[in-house]
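Working notes, structure below.
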Amino acid sequence: MIEHDALSVTREAYDAAAPMYAQLFRDELRDRPLDRAILSAFAEVVSASGDSHVADLGCGPGHITAYLDELGLAAFGVDASPAMIKLARQTYPGLRFDVGSMAALNIADGVLGGVLSRWSIIHTPPRELPVILAEFHRVLAPGGHFLVGFSASDDPSHSTQVFDHAVAPAYRWSPDHLAAMLRTAGLAEVARMVREPQPTDRRQFKEIHLLARKSEAGSARSNA
């Protein structure tokens, strides 16, 4: 089970920060061509699989969900914060947004061509992440794709590193360690993008996107 205290703290913090967060990140892709490129690649491989249904998990105020919709995907968003979902529904009334936990998704087995987790795993206590990765695997169709974005830790010998996130306690991850966790969950890495920090970035962290694929057989390895 996911630690309820951690989830509650994160939910309450994002409820309080929702209007400011939405304003701050509404146009974040405008000056991020590499982020647009990896999202476009994700949309292309998902569409090529023949199933364009995608869940944006940890969708916040819905701007990335809307971008996936513009790319031709049948995208919907899920977030633990009711305030974030309220804003998303108001801003993008033509799209679907649900309140929910990544650890217990109200989504049937194997029905999605893609899952996006863009900086939404960073508040999960590391020992609880396998539960969430198992859920991602469960809802993906065989051959479905998973794209996860996160900030990299500085020392590859340490799997995670706590950092001073403005909203809630958060973690950076070793890319290789997280890729190994994906393999354990039955999600094989296809590609990764590493974005070096820019001089104007507030945090001088490398940003990572890992693209992974569920096997056609759909059989996950043990999550133990």
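How many residues, within the range 170-219, are farther than 27 Å from A6 by Cα and either within 19 Å of the chain's Cα centre (by Cα) or touching a residue at least 60 places away in the same chain (Cβ under 8 Å) (or both)? Of the residues in the range 170-219, 14 are farther than 27 Å from A6 by Cα and either within 19 Å of the chain's Cα centre (by Cα) or touching a residue at least 60 places away in the same chain (Cβ under 8 Å) (or both).
One line per residue, one yes/no per condition, for (1) touching a residue at least 24 places away in the same chain (Cβ under 8 Å); (2) surrounded by fewer than 18 Cβ atoms within 10 Å (Cβ to Cβ); (3) out of contact with any helix residue (DSSP H, G or I) (no Cβ under 8 Å at 6 or more places or on another chain); (4) more than 23 Å from P142 (Cβ to Cβ):
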site	(1), (2), (3), (4)
I64	yes, no, no, yes
E70	no, yes, yes, yes
P82	yes, yes, no, yes
D98	no, yes, no, yes
L112	yes, no, no, no
R118	yes, no, no, yes
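Looking at A75, A43, just one residue is assigned to a strand (DSSP E or B) and either surrounded by 20 or more Cβ atoms within 10 Å (Cβ to Cβ) or touching a His at 6+ places or on another chain (Cβ under 7 Å) (or both), and that residue is A75.
When the range 87-96 is limited to residues that are free of Cβ contacts under 8 Å to residues at least 60 places away in the same chain and assigned to a helix (DSSP H, G or I), the one that is farthest from V45 (Cα to Cα) turns out to be Q90.
Only a single criterion out of (1) open to solvent by 30 Å² or more (accessible area, probe 1.4 Å); (2) in contact with a strand residue (DSSP E or B) (Cβ under 6 Å, 6 or more places away or on another chain); (3) farther than 23 Å from R192 by Cα is not satisfied by D51, namely (3).
One line per residue, one yes/no per condition, for (1) over 22 Å from A13 (Cα atoms); (2) under 15 Å from the mean Cα position of the chain (by Cα):
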position	(1), (2)
W119	no, yes
I122	no, yes
R127	no, no
P130	yes, yes
H137	yes, yes
A141	yes, no
F146	yes, yes
A152	yes, yes
S157	yes, no
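Checking each residue of the range 107-123 against the condition of being at pLDDT below 95, at negative phi, assigned to a loop (DSSP other than H, G, I, E, B) and in contact with a Ser or Thr (Cβ under 9 Å, 6 or more places away or on another chain) gives at least one match. Screening the range 144-198 for residues that are part of a loop (DSSP other than H, G, I, E, B) and polar (S, T, N, Q) and picking the one that is modelled with the lowest pLDDT gives S157. How many of the residues making up the range 161-207 are open to solvent by 40 Å² or more (accessible area, probe 1.4 Å), under 17 Å from I122 (Cβ atoms) and among the hydroxyl-bearing types (S, T, Y)? Going through the range 161-207 one residue at a time, the tally reaches 1.
The values are calculated or read from the model by the stated rules, or taken from the named source; none is laboratory data. If you're wondering where the values come from, they're calculated on a predicted model, not measured in any experiment. Note that we place each Cβ from the backbone using ideal geometry, even for glycine, and neighbour counts take in every protein chain shown. These accessible areas exclude ligands, DNA and RNA; they are computed on the full protein's heavy atoms, side chains included. Shrake-Rupley method; radii C 1.70, N 1.55, O 1.52, S 1.80 Å.
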